[in-house]
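A.B. asks: Sharing a structure with you now.
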Amino acid sequence: MSKEEQNKAVVGRWFKDFWGNPWNPDIIDELAAPDMLLQYSLHEPRRGRKDVKEFMIGFRNAFPDLAFRGTADLIAEGDYVVGRWEGGGTHTGPAFDDFIIGALPAASGRKMRFGGMTVLRYSLEQTFAGEGSAWSLILCRAIHAQSCSSLPIIPSGSR
């Protein structure tokens, strides 16, 4: 099996166990580098296993049915793997204030659906990092009744 095929297999496990439902919080300790960077346009960047795990626990408590899935084959070159995805969930849990575009009161019932693309870097030395862009405008409209069309879509890495 080539290095790229091995990396795609590992990233496939990450997508399934980290973003799937049910999720497996142990995947963070198993695959993520100690200083992993998780960066998406909808949330503040998270650095390190503990921060990433705390973020996901809060996200999943707020959206218990949260689930994402791949929408295309993974593409790999060297240590990099690119995946396209979509997903969402319904906010039935506690208040959630981690979205850059605003907060949700407890059990708002708001449904979110969005998709994007993530670039991950993985090597056998357990350096695993993820950066992605999401369609922020779709989530913005799902959270707020008024139109958010004047808000820019913030590309990852621009903060």
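A.B. asks: I'd like the full set of residues that are part of a loop (DSSP other than H, G, I, E, B) and surrounded by 17 or more Cβ atoms within 10 Å (Cβ to Cβ), limited to region 45-95.
C.D. replies: Phe63, Leu66, Leu74, Asp79, His91, Gly93
A.B. asks: Report yes if some residue within region 80-91 is touching a residue at least 24 places away in the same chain (Cβ under 8 Å) and acidic (Asp, Glu); otherwise report no.
C.D. replies: Yes, region 80-91 contains a residue that is touching a residue at least 24 places away in the same chain (Cβ under 8 Å) and acidic (Asp, Glu).
A.B. asks: Moving to a separate point now. For region 11-26, what are the residues that are surrounded by fewer than 19 Cβ atoms within 10 Å (Cβ to Cβ) and part of a helix (DSSP H, G or I)?
C.D. replies: Within region 11-26, Gly12, Arg13, Lys16, Asp17, Asp26 meet the criteria.
A.B. asks: Within region 31-42, is even one residue assigned to a helix (DSSP H, G or I), buried (at least 16 other Cβ atoms within 10 Å of the Cβ) and at negative phi?
C.D. replies: The answer is yes; a qualifying residue exists.
A.B. asks: For residues that are more than 18 Å from Asp98 (Cα to Cα) and modelled with pLDDT under 90, tally how many sit in region 30-77.
C.D. replies: 7
A.B. asks: Same structure, new question: I'm trying to understand the selection: among the residues of region 100-111, which are buried (at least 18 other Cβ atoms within 10 Å of the Cβ) and not in a loop (DSSP other than H, G, I, E, B)?
C.D. replies: Of everything in region 100-111, just one residue is buried (at least 18 other Cβ atoms within 10 Å of the Cβ) and not in a loop (DSSP other than H, G, I, E, B), namely Leu104.
A.B. asks: Against the definition (modelled with pLDDT under 95, closer than 19 Å to Val119 by Cα and aromatic (Phe, Trp, Tyr)), how does Phe99 come out, yes or no?
C.D. replies: No, not satisfied.
The values are calculated or read from the model by the stated rules, or taken from the named source; none is laboratory data. Here the structure is a predicted model, which is why all the values come from computation and not from measurement. Positions of Cβ are backbone-derived with ideal geometry, glycine not excepted, and every protein chain shown enters the neighbour counts.
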